[in-house]
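A.B. asks: Structure in structure tokens, see below.
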Amino acid sequence: MPDLKVLLGGGKAPLVGLDISSSGVRLVELADAGKDGIRLERYASEALPRGAVADGNIENLDQVVDAVRRVLKKSGTRARHVALGMPPASVITKKIVLPAGLSEEQLEVQVESEASQYIPFALDEVSLDFDVIGPVANSADDVEVMLAAARREKVEDRVAVAEASGLKASVMDIESYAARAALDRVIAQLPESGAGQVIALFQVGAQVTHISVMLDGMTVYEREQPFGGNSLTQDIVRAYGLAFEEAEARKKTSDLPENYALELLQPFLESAALEVTRAIQFFFTSTPYTKIDQIYLAGGCAALPGLLDIIANRTRISSAVISPFKGMQLGAGVRESQLRADAPAYLVACGLALRRFG
């Protein structure tokens with residue numbers, strides 16, 4: 001029997017969300033603020049050496065563990081339970097229909113039987129979990145169940161990072177699901193909770209841009225494009241002879257020669273805007289939808305100066321840089337001015353941290 005309750009699990013214990021990406025690790029700790037909702041207690045990040053994580057795979061465990069230990073120390077958290085995320089490409093998800101009224105044990109047997117039809121690996125090589133979504137429309141005798149499966153070795157790599165860092169992996173989520181959980185909070189604060197609005201989220205990462213389109217709480221479209229901030233960093237490396245890590249750090253602070261904005265940044269912004277407009281056109285041509293009401297930008301590149309303006313101008317769609325912490329109380333150690341610049345990169349980590357309450 002494969003491991004169940006490894007993916008999609010949860011609990012109420014204090015925990016931190018820990019996002020491990022190719023560019024770095026990011027930590028978020030949230031707390032229950034009672035009638036005031038949720039409080040952001042602390043957040044922190046640490047860069048990873050290039051190649052420590054590649055294509056979602058942990059290639060150098062020691063380097064990732066060192067970064068996690070540093071981020072734990074920097075944040076000052078005492079929580080030892082952690083929610084981690086798997087890259088969407090590493091997880092197979094499938095909605096299946098099963099008879100209503102089955103016990104937990106019966107559901108496990110049925111899920112394992114169904115999983116063998118959709119998973120191209122032996123079941124003893126995967127970590128498998130399921131979540132009952134709810135009744136099937138127009139069929140009271142059936143329930144819809146979400147099945148999730150990932151190669152056991154990929155799950156164990158992330159669990160090993162947590163354990164070597166003195167943490168207990170309590171939740172293993174999917175990064176795209178975590179991002180949507182954080183996005184749902186933001187949408188809920190829109191007029192009429194965003195009802196009827198088609199909302200597109202562009203997460204511009206180091207190597208990949210992930211596009212999700214939402215309507216009334218449902219994901220109606222998802223896609224990944226091979227475009228990210230590393231291309232700008234590489235341009236900086238070539239132009240100024242810097243090491244990759246230094247180029248990445250100076251890109252974030254704009255501590256670069258005067259010609260940087262015109263000769264390197266502007267062409268990158270043009271390329272980013274072109275990628276966004278292409279993605280929107282592809283969405284229109286491959287789905288029944290003919291409009292997008294709101295664009296949100298997330299990821300480490302979202303706060304690049306000029307990116308929001310050029311995308312808003314090219315698409316003629318209301319656009320904003322997302323803050324997953326919007327509407328939260330802020331802990332004593334959180335500086336609001338710094339948070340405004342940092343927040344877009346913490347969408348996944350925030351969504352993972354929200355699993356404390358789900």
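The values are calculated or read from the model by the stated rules, or taken from the named source; none is laboratory data. This one's a predicted model, so the numbers in the text were calculated from it and none came from an experiment. As a convention, Cβ positions derive from the backbone with ideal geometry for all residues, glycine included, and neighbour counts pool all protein chains shown.
A.B. asks: Take region 158-191 and flag every residue that is charged (D, E, K, R) and under 18 Å from the mean Cα position of the chain (by Cα).
C.D. replies: If the condition is that a residue be charged (D, E, K, R) and under 18 Å from the mean Cα position of the chain (by Cα), then ARG158, ASP173, GLU175, ARG180, ASP184, ARG185 are the ones that fit.
A.B. asks: If a residue has to be modelled with pLDDT of 95 or more and within 18 Å of SER23 (Cβ to Cβ) to count, how many in region 276-310 make the cut?
C.D. replies: 3
A.B. asks: Sticking with this structure for a sec: What is the one condition in (1) surrounded by fewer than 20 Cβ atoms within 10 Å (Cβ to Cβ); (2) not in a helix (DSSP H, G or I) that ILE295 does not satisfy?
C.D. replies: All conditions pass for ILE295, except number (1).
A.B. asks: Given THR219, THR253, which one is under 20 Å from the mean Cα position of the chain (by Cα) and modelled with pLDDT under 95?
C.D. replies: Step by step, each of THR219, THR253 is checked, and only THR219 is under 20 Å from the mean Cα position of the chain (by Cα) and modelled with pLDDT under 95.
Table: residues versus (1) farther than 30 Å from ASP62 by Cβ; (2) among the aliphatic types (A, V, I, L, M); (3) free of Cβ contacts under 8 Å to residues at least 24 places away in the same chain.
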{"position": "PRO135", "(1), (2), (3)": "yes, no, no"}
{"position": "ALA148", "(1), (2), (3)": "no, yes, no"}
{"position": "ARG151", "(1), (2), (3)": "no, no, no"}
{"position": "ARG158", "(1), (2), (3)": "no, no, no"}
{"position": "GLU175", "(1), (2), (3)": "no, no, no"}
{"position": "LEU201", "(1), (2), (3)": "yes, yes, no"}
{"position": "VAL204", "(1), (2), (3)": "no, yes, no"}
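A.B. asks: Of (1) assigned to a helix (DSSP H, G or I); (2) within 30 Å of ARG42 (Cα to Cα); (3) assigned by TED's automatic domain parsing to the domain that holds VAL204, PRO305 satisfies all except one. Which?
C.D. replies: (1)
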